[in-house]
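Enquirer: Just passing along the structure, written as structure tokens.
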Amino acid sequence: MKIKVNGALRDSDADPQTPLLYVLADELGLRGPRFGCGLAQCGSCSVLIDGREVRSCVTPLATVGNRAITTLEGLPAYFAAQKGLSKVPEMHPVQQAFLDEQAPQCGYCYNGIAIKAAELLGDSPQPSEAQIRQALNGHLCRCGTYPRVLKAVQKAASLMAQVRS
Ligand code: FES
Ligand code: FES
């Protein structure tokens, strides 16, 4: 089966019912999406599929079809395409802001929060605090970094606003 991951067509030999997470992590060696709960509860496995956040731990490979999968590794190119940039930046503004604000602690939740923040800022470039809280509601951080995460998403919004296509 072929799937489109971070702009490239990739082959998978996995059973069609295999969770997408296993294909991305085990077959394709991507280390962004992580296994947390395996039950669509924590968000650590999230990826974008056609721009929408999806929990890859409960998404069978067969359901993806030819839709575009973006993982944490593909966020810079995703952003460049979204903004019509001629050059792919080193990091998506969300990734830059999380680094600048030192938002993650152990980092386990970071993948899912970054993916969800990228989706949110694509929809709402200047989200309110309430919108950010609402968007990230389903992402669990066992280290309790939520205040820093909130600040980082707000910073990402201002970094994005400075980018001109
Ligand atoms: S591992 Fe997928 S939501 Fe927790
Ligand atoms: S930084 Fe450790 S789980 Fe969020």
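Bear in mind that the values in this text are calculations on the coordinates, not laboratory data. None of these values were measured; they are calculated from a predicted model. We place every Cβ from the backbone using ideal geometry, glycine too, and count neighbours over all the protein chains shown.
Enquirer: Evaluate region 37-56: report whether one residue or more is in contact with a helix residue (DSSP H, G or I) (Cβ under 6 Å, 6 or more places away or on another chain), of a type in the set (D, E, K, R) and either within 16 Å of ligand 2 (Cβ to nearest atom) or part of a strand (DSSP E or B) (or both).
Expert: Yes: one or more hits.
Enquirer: Have a look at 26, 13 and point out the one that is more than 20 Å from residue 120 (Cβ to Cβ), in a loop (DSSP other than H, G, I, E, B) and of a type in the set (Asp, Glu).
Expert: Details: 26 fails: in a loop (DSSP other than H, G, I, E, B).
Among 26, 13, only 13 is more than 20 Å from residue 120 (Cβ to Cβ), in a loop (DSSP other than H, G, I, E, B) and of a type in the set (Asp, Glu).
Enquirer: Checking residue 91 against (1) in a loop (DSSP other than H, G, I, E, B); (2) within 15 Å of the chain's Cα centre (by Cα); (3) crowded, with 20+ Cβ neighbours inside 10 Å; (4) more than 16 Å from ligand 1 (Cβ to nearest atom), which test does it fail?
Expert: (3)
Enquirer: Identify the single condition in (1) of a type outside the set (Asp, Glu); (2) farther than 24 Å from residue 50 by Cα; (3) free of Cβ contacts under 8 Å to residues at least 24 places away in the same chain; (4) assigned to a loop (DSSP other than H, G, I, E, B) that residue 143 does not satisfy, given that it satisfies every other one.
Expert: Against the list (1) of a type outside the set (Asp, Glu); (2) farther than 24 Å from residue 50 by Cα; (3) free of Cβ contacts under 8 Å to residues at least 24 places away in the same chain; (4) assigned to a loop (DSSP other than H, G, I, E, B), residue 143 comes up short only on (3).
Enquirer: For residues that are assigned to a loop (DSSP other than H, G, I, E, B) and touching a helix residue (DSSP H, G or I) at 6+ places or on another chain (Cβ under 7 Å), scanning just region 103-123, find the one that is nearest to ligand 2 (Cβ to nearest atom).
Expert: Restricting to residues being assigned to a loop (DSSP other than H, G, I, E, B) and touching a helix residue (DSSP H, G or I) at 6+ places or on another chain (Cβ under 7 Å), the top hit is 104.
Enquirer: Could you count how many residues in region 28-52 are surrounded by fewer than 16 Cβ atoms within 10 Å (Cβ to Cβ) and more than 10 Å from ligand 1 (Cβ to nearest atom)?
Expert: 5
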